[in-house]
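Let me begin by presenting the structure, written as structure tokens, before commenting on it.
The values are calculated or read from the model by the stated rules, or taken from the named source; none is laboratory data. This is a predicted model, so every value here is computed, not measured. Positions of Cβ are generated from backbone atoms using ideal geometry, with glycine treated the same way; all protein chains shown enter the neighbour counts.
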Amino acid sequence: MNLIALSALDLGIASILVLLLALLSYKARLGVERQIVIAGVRTVLQLLLIGMILKVIFAAVHLGWITLLSMVMLLMAGREVMARQKYRLKGWWGFGLGTMAMFVSSFFITLIALFVIVRVDPWYTPQYSIPLLGMMLGNTMTGISLGLDRLNHTAWQQRSIIEARLMLGWTWSGAIADIRHDSIRTGMMPMINAMAAAGIVSLPGMMTGQILAGSPPMEAVKYQILIMFLITAGTGFGTFAAVWFGSRRLFDDRERLRLERLQVKG
Amino acid sequence: MAAMNRLNIENLQVLDLAAWSTGLQPGECVFLFGPSGSGKTRLLRAIADLDLHEGMIELDGESRRHMLAHEWRARVALLPAESCWWNEKVGEHFTNCDTDLLARLGFSEAVMDWEILRLSTGEKQRLALLRALSANPSVLLLDEPTANLDKIFTQVIEEIVGELRQQKNVSVIWVTHDDAQMKRIAKRGWHIRNCSLVETTV
């Protein structure tokens, strides 16, 4: 089966649907028409840009360029994690914590996939490494930002409970344990749900894309299972690390709750 | 050689209050009095090492710096003015409980199955004292422990704390606004006036 190439006209027809949605939003005074149009334009520009970058990188397979692109992706994801938290750590911690957690989990798991499972040669072959890393980052980003947002927000709301426990001689770790557990669960839940619903409620995006592009369904399914497992592990470990270090940072070396280390967005 | 103090406070400094130094003998109780907002709670929180502050504190001759913070707080227990509960049932907040004290504070053992939502402010305050005592602290920092209680339970709590002082040498810092209570519980104490701590006797 050959890939049916899309023309600009095809995309134009799809864009009309989005414009109609924006029009409806305007008529119904939902107030999101501006956001719809801007987000739509961003999608086009950002994807065209990454398409061109990938075209260049695929043509000249060079570890340096791939590393550079990976780092840019990581930093963008780190910024996004920071932006999604209502209460976040001040200073470098706000950016660094989520970014480090994503770096460790996403890169580590992507490398395992490249070396141990897919075993392409060379290992950094961009057709594999870049999409794998992109999917890892995109999903760990969601888990880590959900987990950290929950952690910081709950700690802020329940400060009197945490301090009451400290007054009773609990350790910092014990005093925030239930909040930490809850936050880690929150971060992992989307992936667990996605695994449970995969194939029944939804056809995952990557598999859909592969099938549309002409891959045999069973090959697409195997890749999808691989990706789901990798993403779940990466999101889980990343969320775990981010929430654990985040909760430690809320206390100082005398186990005092230091909520002034958080800042409220906006 | 003078008997070793149970609690030694040296140059404790919080907010804009002048530095405070004092020593508490084993089993001694002192009161702390001052207008609201003058920093009484902050002083107690500093002794329990819950806020950033300056100063040095020793318990039985051992510096606080050499103890883990949570061990310190288990031995120097702060009972806040407003108690805080996080589980559904009363009993889930207790690992062990002195049934004798429970009865004196006006509860039967059935209270452990009660829902926190059902408790009145006074009941919470009495149970919070019991909870704070269950870790057997050496020093009690009491922030208006009888503020919401009637005369009878106020007297019960004063008696219980008195017995702890005599039998277990527990030293107590007691924040109160009640002149009569100051006389009942302590021989000396501190007034906070214009950002300085003035020692007074009764």
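Whether any residue in segment A:178-199 is surrounded by 15 or more Cβ atoms within 10 Å (Cβ to Cβ), within 14 Å of chain B (Cβ to nearest Cβ), part of a loop (DSSP other than H, G, I, E, B) and β-branched (Val, Ile, Thr) is what I want to check. No, there is no match, as no residue in segment A:178-199 is surrounded by 15 or more Cβ atoms within 10 Å (Cβ to Cβ), within 14 Å of chain B (Cβ to nearest Cβ), part of a loop (DSSP other than H, G, I, E, B) and β-branched (Val, Ile, Thr).
Tallying residues that are within 9 Å of chain A (Cβ to nearest Cβ) and crowded, with 18+ Cβ neighbours inside 10 Å within segment B:52-63 yields 0.
Does at least one position in segment B:70-81 carry a residue that is among the aromatic types (Phe, Trp, Tyr) and within 18 Å of the chain's Cα centre (by Cα)? Among the residues of segment B:70-81, at least one is among the aromatic types (Phe, Trp, Tyr) and within 18 Å of the chain's Cα centre (by Cα), which makes the answer yes. When we screen A:Leu111, A:Leu148 for residues that are assigned to a helix (DSSP H, G or I), assigned by TED's automatic domain parsing to the domain that holds A:Glu260, of a type in the set (A, V, I, L, M) and crowded, with 19+ Cβ neighbours inside 10 Å, the only hit is A:Leu148.
Yes or no: segment B:77-90 includes at least one residue that is assigned to a helix (DSSP H, G or I) and out of contact with any helix residue (DSSP H, G or I) (no Cβ under 7 Å at 6 or more places or on another chain).
As a first pass, look at segment B:77-90 and keep what is assigned to a helix (DSSP H, G or I): B:90.
Now narrow it down to the ones that are out of contact with any helix residue (DSSP H, G or I) (no Cβ under 7 Å at 6 or more places or on another chain): none.
Looking through segment B:77-90, none of the residues is assigned to a helix (DSSP H, G or I) and out of contact with any helix residue (DSSP H, G or I) (no Cβ under 7 Å at 6 or more places or on another chain).
Any chance segment B:24-41 includes a residue that's closer than 23 Å to B:Leu68 by Cα and in contact with an Asp or Glu (Cβ under 8 Å, 6 or more places away or on another chain)? The answer is yes; a qualifying residue exists.
The residue list B:Asp100, B:Asp60 contains one member that is over 15 Å from the mean Cα position of the chain (by Cα) and over 27 Å from B:Met4 (Cβ atoms), which is B:Asp100. Residues in segment B:36-51 that are within 13 Å of another protein chain (Cβ to nearest Cβ) and under 12 Å from the mean Cα position of the chain (by Cα): B:Thr41, B:Leu44, B:Arg45, B:Ile47, B:Ala48. Could you check segment A:158-172 and list, in sequence order, the residues that are over 12 Å from B:Ala69 (Cα atoms) and more than 7 Å from chain B (Cβ to nearest Cβ)? Selection gives A:Gln158, A:Arg159, A:Ile162, A:Arg165. Just one of the numbered conditions (1) away from chain A (no Cβ under 14 Å); (2) in contact with a helix residue (DSSP H, G or I) (Cβ under 6 Å, 6 or more places away or on another chain); (3) not small (Gly, Ala, Ser) is not true of B:Trp72: (1). Here A:Val81, A:Val72 are screened, and the one residue that is in contact (Cβ under 8 Å) with a residue 24 or more places away in the chain and either closer than 30 Å to A:Ala22 by Cα or part of a helix (DSSP H, G or I) (or both) is A:Val81. Note on segment B:116-145: residues that are over 11 Å from the mean Cα position of the chain (by Cα) and more than 14 Å from chain A (Cβ to nearest Cβ) amount to 8.
All conditions in (1) touching a residue at least 24 places away in the same chain (Cβ under 8 Å); (2) surrounded by fewer than 19 Cβ atoms within 10 Å (Cβ to Cβ); (3) within 13 Å of chain A (Cβ to nearest Cβ); (4) outside any helix (DSSP H, G or I) hold for B:Asn148, with the sole exception of (3). Put simply, of B:Ile173, B:Ile185 the only residue that is surrounded by 12 or more Cβ atoms within 10 Å (Cβ to Cβ), in contact with a Leu (Cβ under 9 Å, 6 or more places away or on another chain) and among the β-branched types (Val, Ile, Thr) is B:Ile173. Looking at segment B:91-110, is at least one residue in contact (Cβ under 8 Å) with a residue 40 or more places away in the chain, among the aliphatic types (A, V, I, L, M) and more than 13 Å from chain A (Cβ to nearest Cβ)? For segment B:91-110, residues in contact (Cβ under 8 Å) with a residue 40 or more places away in the chain, among the aliphatic types (A, V, I, L, M) and more than 13 Å from chain A (Cβ to nearest Cβ): present. Note on segment A:78-92: residues that are among the hydrophobic types (A, V, I, L, M, F, W, C), more than 14 Å from A:Met141 (Cα to Cα) and either outside the structural domain of A:Ala242 (by TED's automatic domain parsing) or surrounded by fewer than 17 Cβ atoms within 10 Å (Cβ to Cβ) (or both) amount to 1.
Could you tell me which of the residues B:Gly55, B:Gly27 is at pLDDT 90 or above, in a loop (DSSP other than H, G, I, E, B) and farther than 16 Å from B:Val175 by Cβ? Please lay out each step first, then the result.
Values: B:Gly55 fails: in a loop (DSSP other than H, G, I, E, B).
Being at pLDDT 90 or above, in a loop (DSSP other than H, G, I, E, B) and farther than 16 Å from B:Val175 by Cβ holds for just one of B:Gly55, B:Gly27, which is B:Gly27.
Could you tell me whether any residue of segment B:90-113 is charged (D, E, K, R) and either buried (at least 19 other Cβ atoms within 10 Å of the Cβ) or under 18 Å from B:Leu24 (Cβ atoms) (or both)?
If we filter segment B:90-113 for residues that are charged (D, E, K, R), which is where we start, we get B:92, B:98, B:100, B:104, B:109, B:113.
Remaining after also requiring either buried (at least 19 other Cβ atoms within 10 Å of the Cβ) or under 18 Å from B:Leu24 (Cβ atoms) (or both): none.
Within segment B:90-113, none of the residues are charged (D, E, K, R) and either buried (at least 19 other Cβ atoms within 10 Å of the Cβ) or under 18 Å from B:Leu24 (Cβ atoms) (or both).
Here is a check on your reading of the model: is A:Thr43 among the polar types (S, T, N, Q) and in contact (Cβ under 8 Å) with a residue 12 or more places away in the chain? No. Here A:Ile66, A:Ile13 are screened, and the one residue that is under 30 Å from A:Ile211 (Cβ atoms) and over 24 Å from the mean Cα position of the chain (by Cα) is A:Ile13.
The combined condition, being of a type in the set (A, V, I, L, M, F, W, C) and assigned to a helix (DSSP H, G or I), is fulfilled by B:Ala74.
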